[in-house]
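Here's the structure, in structure tokens; my notes come after.
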Amino acid sequence: KELYVCVVLDVIDLTGDDKDDLQRAIALSLEESMFSLTCCTLCRVLEASIAENKASLKRTHTEVWSDSPNPHDRKRMENCPVGLKNVGNTCWFSAVIQSLFNLLEFQRLVLHYSPPARVQDLPRNQKEHRNLPFMQELRNLFSLMVGSKRKYVDPSRAVEILKDAFKSSESQQQDVSEFTHKLLDWLEDAFQMKPKNPMVELFYGRFQAVGVLEGKKFENTEMFGQYPLQVNGFKDLHECLEAAMIEGEIESLHSSAENSAKSGQEHWFTELPPVLTFELSRFEFNQALGRPEKIHNKLEFPSMLYMDRYMDRNREITRIKREEIRRLKEQLTLLQQRLERYLSYGSGPKRFPLADVLQYAMEFASSKPVCTSPLEDIDTSAPPGGTTGQLTAEQGPSCTLPEGLAAAPTQAPSTQQRVPIHKPFTHSRLPPDLPMHPAPRHITEEELRVLEGCLHRWRSEVENDTHDLQGSISRIHRTIELMYSDKSMMQVPFRLHAVLVHEGQANAGHYWAYIYDPHQQRWMKYNDISVTKSSWEELVRDSFGGYRNASAYCLMYINDKKPFLIEEEFDKETGQMLSGLDKLPSDLKAYVKEDNGLFDKEMEEWDKLQARKAQQEKLALAAAAAATAAAETTTSHQPMSTEPSPPDSWGEDQGSSLQHLNTTELVWLRFDQFLETLVLSPAAVDVCQCCNIGLHSEVLMLIGPTMSIHPMLFVFQAIKVEYTRLLRFAQEDTAPENDYRLQHVIVYFIHNQAPKKILERTLLMQFADRNLSFDERSSIMKVARAKLDLVKPEEVNMEEYEMWHQDYRNFRETTIFLMIGLELFQKKCFVEALMYLIYSYQYNRELLVKGLYRGHNDELIGHYRRECLLKLNENAARMFESGEEPEVCNGLSIMNELVVPCIPLLLVHDTEKDLLAVEDMRNRWCSYLGQEMEREFVFWDYF
């Protein structure tokens, strides 16, 4: 049986000739689709942004690393690079310094820098007074990065000197380009005493500016360090460079008219530095908002960059190639416009590929008509119960519509017309003979033959034209890509050495660096104290930008034909490569040895401290063991000794082996025997008179006064009393409202026959609770924790232990859901109660699969779940019968969204009461099929 239900409040007629209704329907559909698409897209963007930037959001405040108290955690791994500690928003310092330090030529220059020795060379002004201390601190820092035993070192002294030179406050993060400029200036000043300044030779180049200014041509040479590049509007590094090399109207450069008023210039490199640094301008000032903003656009850059096309010696060749590229790009634009006309054909807002349009037209023309009219032979006098009239065909096979579909009359319908609402998850299948496409009513074979021939030919022509255009576009793209690939334009190679990445926004963020290790041939990620292996793929993901808040901010390339930049230093006498302290001059070697000595001493003191703590614990355990041994004589009269007799299976050899155990080992062995006896055979131990104690804290209150005498003895007594109390609870038959399983996990474990090791560890964990440390009898806690520390991994299956405790947590959670559901059920909040009862029932069934006592009585939960659903269905039916529009809508909403989805849950286990409840709900709604309802309501859905 099927039941169809729907409510029609507002109907747009699309069957008549009124185009206004059609346009209104299209507009509404587009509006809903766009709103839905916008919301979904926005949600996805927000979720992705939150997920990807979760870490960066935490970095908006000052970052200060705290050292681990254990110096062994701060010990450097063998051959691992040394990190730099973040001493408060100094990630900018770490990123730049690590990039320069890994330029071995620069490293050598700094390490072997010698301050002026003569009086006339001493600092003469404040600037030079500042440079000398900074260079000394930089040397010290580099020497630690070479030979330190520490995992990371503290750059505070060098940073403090640098910060004085910046105008911004210390709480703000510095700009990498600003810091790099300042650093190069200081280094240049520090080395200016030499005949040739090595910093200038390393980082500075020259370019020729050729141009026209107000009609007059000029040429001049300029020096540059970091070369700035604009990112906005460009897709890769070459496009940025092409734009940076040309300013203004370049046509005027090649014209012979001296009186031209146009101005422009070209830049041509005459000398490139061995270390070529590009500063990517990713920040711009938003005039409207009055604040800086970061540009997140994607910008690709290669690992090998050929600079030939920008060299002055290749000026004429490059100009010819640029003109050729300009011409090709004009052709490319024209071809892409033509291709677009083929791929987006039509004059309306929605367009389609022309080949598809012709194909659709051919399919329409080839379709055979099923009916002479889409409305022909439809009985419009169908009864109001949702059934359809019988259809007969006058021509060809019979036409049928899906059950429940009623056609509209030819005249304009009233607002109360019964029109179906399609619900895909409940509608019956379409009949197999339903025509899927419209078809022409009248077409002769001759017309069809001519039309098919034309459409076939036109479609082939369109496909050929599209293919030719796409091929031409691909060839032009390939030609442009290979324009500079000939060998003559690949003579100035620069390899990517380092990428400085910024994550965040313009006013806050975090810097780190990717640096290539040519000896290991892999990329390394330097992120403050963390130095890890990386890959080109990770670099691309974090550096190109476009879809994350992270992007490259500075690119450092090195001349691939100058290997001295990254070559290691070799001993002149032995020819062996220098490493570690051997790379350092004598003064720095002594400085590093002194620091390593301090670190060794710190580790020694830590080890001694830990040894003293271990000895103190050992002495405490020995004292407890001695106290236990002394107590044996005082407790021997008790039926249950704290030292149960060994099992009969023990032989004389095993018994005699106890003599070789020290006192502590013997105590713990007897402790294990006590636990095993207690858990396996509770009757073998004496049930003391304190079984009526409520909580284990009260047990401690009972035995507390004598704790100072024999600590280990009373640990035994405390565990025995607590376990006996819980065992008595587990053996009692109680009503569901007094379920002792909810009072203690041990009761739950005993009910479900948990392994003895699980019980033993759980008991020990109870007495090792940290809160017991606040009690004067905390010796119990210390003994229990000491025992836990001695348990070997193979003695207890921790996965099994966690599984049992997770089951208990699930049991308690199921109980909470059940109690909330029952409370809401009593308050007649059936909608809210149903969800809690459903989850409680499902979780409880999962528990009962593992054992009969793992969960609650499923019949009890099932009863209330069933009753709640029946009450909810009754309320929904009553609302539907009221005839009031809001009530009807609410009733149908409850039925569709709650009742119908829950019915399969009742059918899963096929219990008799659940099946009767489902039949009752189905009959209630089926009873409406034979009734005359208000004209606004027609049944169209089923469950």
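Things to note:
- Boolean, ALA209 is surrounded by 13 or more Cβ atoms within 10 Å (Cβ to Cβ) and either more than 30 Å from CYS91 (Cβ to Cβ) or of a type in the set (D, E, K, R) (or both): yes
- Count of residues meeting criterion [at pLDDT 80 or above and closer than 27 Å to ARG282 by Cα] in the range 161-180: 0
- Condition met for TYR853 (in contact with a helix residue (DSSP H, G or I) (Cβ under 7 Å, 6 or more places away or on another chain), open to solvent by 20 Å² or more (accessible area, probe 1.4 Å) and not in a helix (DSSP H, G or I)): yes
- Number of the condition not met by GLU293 [criteria: (1) outside any strand (DSSP E or B); (2) more than 30 Å from TYR204 (Cβ to Cβ)]: (1)
- Per-region count, the range 348-359, residues closer than 24 Å to GLN470 by Cβ and at pLDDT below 90: 2
- Residues of the range 900-926 classified as open to solvent by less than 50 Å² (accessible area, probe 1.4 Å) and farther than 15 Å from LEU870 by Cβ, total: 1
- So TYR841, is it in contact with a helix residue (DSSP H, G or I) (Cβ under 6 Å, 6 or more places away or on another chain), within 26 Å of LEU788 (Cα to Cα) and part of a helix (DSSP H, G or I): no
- Flag set for LEU496, criterion: touching a Ser or Thr at 6+ places or on another chain (Cβ under 6 Å), surrounded by 15 or more Cβ atoms within 10 Å (Cβ to Cβ) and farther than 24 Å from MET77 by Cβ.
- Being closer than 30 Å to LEU289 by Cα, surrounded by 15 or more Cβ atoms within 10 Å (Cβ to Cβ) and not β-branched (Val, Ile, Thr) is a property that SER551 has.
- Taken together, the residues in the range 856-869 that are closer than 24 Å to TYR740 by Cα, open to solvent by 30 Å² or more (accessible area, probe 1.4 Å) and part of a helix (DSSP H, G or I) amount to 5.
- Among residues that are among the hydrophobic types (A, V, I, L, M, F, W, C), crowded, with 19+ Cβ neighbours inside 10 Å and farther than 26 Å from ASN752 by Cα, LEU872 is included.
- Any hit, the range 584-606, residues being basic (Lys, Arg) and closer than 20 Å to PRO69 by Cα: yes
- The test for being in contact with a Phe, Trp or Tyr (Cβ under 8 Å, 6 or more places away or on another chain) and open to solvent by 70 Å² or more (accessible area, probe 1.4 Å) does not hold for TYR808.
- Scanning the range 200-226 for residues that are without any contact (Cβ under 8 Å) to a residue 60 or more places away in the chain and more than 12 Å from GLN265 (Cα to Cα) yields VAL200, THR221, GLU222, MET223, PHE224, GLY225.
- Subset of the range 757-772 [modelled with pLDDT under 80, part of a helix (DSSP H, G or I) and surrounded by fewer than 19 Cβ atoms within 10 Å (Cβ to Cβ)]: ARG770, ASN771
- With respect to the conditions (1) part of a strand (DSSP E or B); (2) under 19 Å from CYS91 (Cα atoms), ILE558 falls short on a single one, namely (2).
- Where strands (runs of 3 or more DSSP E) fall wholly inside the range 435-553, the ranges with 3 or more residues that are free of Cβ contacts under 8 Å to residues at least 40 places away in the same chain are 522-527.
- Unmet criterion (only one of (1) under 44 Å from the mean Cα position of the chain (by Cα); (2) open to solvent by 30 Å² or more (accessible area, probe 1.4 Å)) for SER882: (1)
- Taken over the range 499-516, the criterion of being of a type outside the set (Gly, Ala, Ser) and open to solvent by less than 40 Å² (accessible area, probe 1.4 Å) is satisfied by VAL499, LEU500, VAL501, HIS502, GLU503, HIS510, TYR511, TRP512, TYR514, ILE515.
- Filter pass, LEU824 being of a type in the set (A, V, I, L, M), within 30 Å of GLN616 (Cα to Cα) and within 40 Å of the chain's Cα centre (by Cα): no
- Scan the range 188-205 for residues that are of a type in the set (A, V, I, L, M) and farther than 23 Å from HIS497 by Cα and the total you get is 2.
- Checking each residue in the range 477-501 for being within 28 Å of THR333 (Cα to Cα) and of a type in the set (Ser, Thr, Tyr) picks out THR479, TYR484, SER485.
- Residue check for LEU253: open to solvent by less than 40 Å² (accessible area, probe 1.4 Å), modelled with pLDDT under 85 and either more than 26 Å from ARG139 (Cβ to Cβ) or in contact with an Asp or Glu (Cβ under 9 Å, 6 or more places away or on another chain) (or both): yes
- Every pair of residues 6+ apart whose Cβ atoms lie under 8 Å, when the first sits in the range 862-888 and is more than 15 Å from CYS829 (Cα to Cα) and charged (D, E, K, R) while the second is at pLDDT below 90 and in a helix (DSSP H, G or I): ARG878/GLY891; GLU887/MET879; GLU887/PHE880
- Taken over the range 820-836, the residue count meeting the criterion of being more than 14 Å from GLU874 (Cα to Cα), open to solvent by 40 Å² or more (accessible area, probe 1.4 Å) and part of a helix (DSSP H, G or I) is 6.
- Matching residues in the range 336-361 - criterion: being open to solvent by less than 60 Å² (accessible area, probe 1.4 Å) and not in a helix (DSSP H, G or I): SER344, GLY346, GLY348, PRO353
- Matching residues in the range 885-899 - criterion: being open to solvent by 20 Å² or more (accessible area, probe 1.4 Å) and under 45 Å from the mean Cα position of the chain (by Cα): PRO886, GLU887, CYS889, ASN890, SER893, ILE894, ASN896, GLU897, LEU898
- Of the helices (runs of 4 or more DSSP H) entirely within the range 53-160, those holding at least 2 residues that are modelled with pLDDT of 90 or more and either open to solvent by 50 Å² or more (accessible area, probe 1.4 Å) or farther than 20 Å from LEU202 by Cβ (or both) occupy 126-147.
The values are calculated or read from the model by the stated rules, or taken from the named source; none is laboratory data. Just so you know, these numbers come straight off a predicted model, no measurement behind them. Here Cβ is always computed from backbone atoms with ideal geometry, including for glycine, and neighbour counts include all displayed protein chains. Heavy atoms of the whole protein, side chains included, go into the accessibility calculation; ligands, DNA and RNA do not. Shrake-Rupley method; radii C 1.70, N 1.55, O 1.52, S 1.80 Å.
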